[in-house]
């Protein structure tokens, strides 16, 4: 028996570890599933979109609180997997016992004792130090506070970021031109036309000459096409409003409805097209490209069913500065290598949306090459707007909604 005992302990440890991993995985997947179902339900909830004023605010506030719970638990399962799993399982057992009105079982002390007996003792200094209940509660409170801030505070703090973009040989009359950019509106049942109207009022205070919208008017549902475009009727931009489409506009499955709404509200839709801006005898070319990945294939980054640079640039005058819009910056390296585009404005990334230092920039940068802000690529100046709405959970952390105010300046020789 003495020879079998160590093997029995090892077998028990392996089985115990495997069962705990399975429990953790079930909890983790459950949190993800609950978050996903909540997003899909609330983003298209007609009853929520029909509410107005304070009624909508209260309902949206409650929705965000409700959604914060599984998201907080998901984060805790990532940060403190063992303690969080134990906490959840113990509370599930307590709830089950109360529902059945049974006395508390005495199995837990016996299991804890058996766990202690089978712990390796060859190197006690290497054993994991248990996390105290107080520390776990403090850490849980901190994580919950971050999630609460990200859902209830930062999404409403629209930031205006002003940037000077230099263009070589910029015509005299276009020097100092002020352009306001918005991107990734993602209008749905909880990011509403009223929210957008407040942003439009903020843009008007900046007195831009022109406004550019770089895609993703709706989240998933084309029913919100008018809500995503009508507020822009209140814009004051003497040299016009222009826009391009984003991948979520295509994901709605009803792109024609979205195009019609954009055109109905005079938002200057450019799909692989250009227009020429004129100030007296001076000219500036504005190009709008289609979204490079709306086919969802994830395959070639330049697809014949989406971007067509040759068609977009055909007929543009030579030796005239070019300002381009494209929703997804993943195509920017191709543009810079093959075409003369002095300024490229983009969005799509949401600036990471939930900005974990170093990690978020690395993940988003690996996927899309650019994350947010200004990139000087020599012959091209690139700006990636952090967006207005949300993809996934309605939260933002260290990546507030953005309105960009761009000043065109002549590049120094």
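Could you list, in sequence order, the residues of segment 159-193 that are over 22 Å from residue 268 (Cα atoms) and either outside the structural domain of residue 237 (by TED's automatic domain parsing) or not in a loop (DSSP other than H, G, I, E, B) (or both)?
Within segment 159-193, 159, 160, 161, 162, 163, 164, 165, 166, 167, 172, 173 qualify.
Just to be sure before I move on: is residue 161 more than 20 Å from the chain's Cα centre (by Cα) and either surrounded by fewer than 20 Cβ atoms within 10 Å (Cβ to Cβ) or at pLDDT 95 or above (or both) in the structure I sent?
Judged against the criteria, residue 161 is not a match.
Is it fair to say residue 323 is assigned to a loop (DSSP other than H, G, I, E, B) and either in the same structural domain as residue 217 (by TED's automatic domain parsing) or on the phi > 0 side of the Ramachandran plot (or both)?
When the stated conditions are applied, residue 323 does not pass them.
What number goes with the only condition from (1) within 30 Å of residue 156 (Cβ to Cβ); (2) in contact (Cβ under 8 Å) with a residue 24 or more places away in the chain; (3) out of contact with any strand residue (DSSP E or B) (no Cβ under 6 Å at 6 or more places or on another chain); (4) surrounded by fewer than 22 Cβ atoms within 10 Å (Cβ to Cβ) that residue 206 does not pass?
(3)
How do the helices (runs of 4 or more DSSP H) wholly within segment 46-142 filter down when requiring 1 or more residues that are modelled with pLDDT of 80 or more and under 29 Å from the mean Cα position of the chain (by Cα): which remain?
46-50, 53-79, 81-100
What number of residues within segment 256-278 are in a helix (DSSP H, G or I) and either without any contact (Cβ under 8 Å) to a residue 24 or more places away in the chain or surrounded by 19 or more Cβ atoms within 10 Å (Cβ to Cβ) (or both)?
Of the residues in segment 256-278, 6 are in a helix (DSSP H, G or I) and either without any contact (Cβ under 8 Å) to a residue 24 or more places away in the chain or surrounded by 19 or more Cβ atoms within 10 Å (Cβ to Cβ) (or both).
Would you pick out the residues in segment 345-358 that are out of contact with any helix residue (DSSP H, G or I) (no Cβ under 7 Å at 6 or more places or on another chain) and either within 21 Å of residue 148 (Cα to Cα) or assigned to a loop (DSSP other than H, G, I, E, B) (or both)?
Correct list: 347, 350, 351, 353, 355, 356, 357, 358.
Quick check, is residue 384 modelled with pLDDT of 95 or more and closer than 20 Å to residue 249 by Cα?
yes
Could you pull out the residue among 378, 392 that is at pLDDT below 95, over 16 Å from residue 185 (Cβ atoms) and either under 23 Å from the mean Cα position of the chain (by Cα) or assigned to a loop (DSSP other than H, G, I, E, B) (or both)?
The conditions single out 378.
Test residue 217 against the stated conditions and say whether it is out of contact with any strand residue (DSSP E or B) (no Cβ under 6 Å at 6 or more places or on another chain), crowded, with 24+ Cβ neighbours inside 10 Å and assigned by TED's automatic domain parsing to the domain that holds residue 396.
yes
Among the residues of segment 228-255, which ones are in a loop (DSSP other than H, G, I, E, B) and surrounded by 15 or more Cβ atoms within 10 Å (Cβ to Cβ)?
235, 237, 239, 240, 245, 246, 252, 254
The values are calculated or read from the model by the stated rules, or taken from the named source; none is laboratory data. Just so we're clear, the structure is a prediction, and the values are computed from it rather than from any experiment. Because the Cβ atoms are built from the backbone with ideal geometry, glycine has one as well, and the counts that use them run over all protein chains shown.
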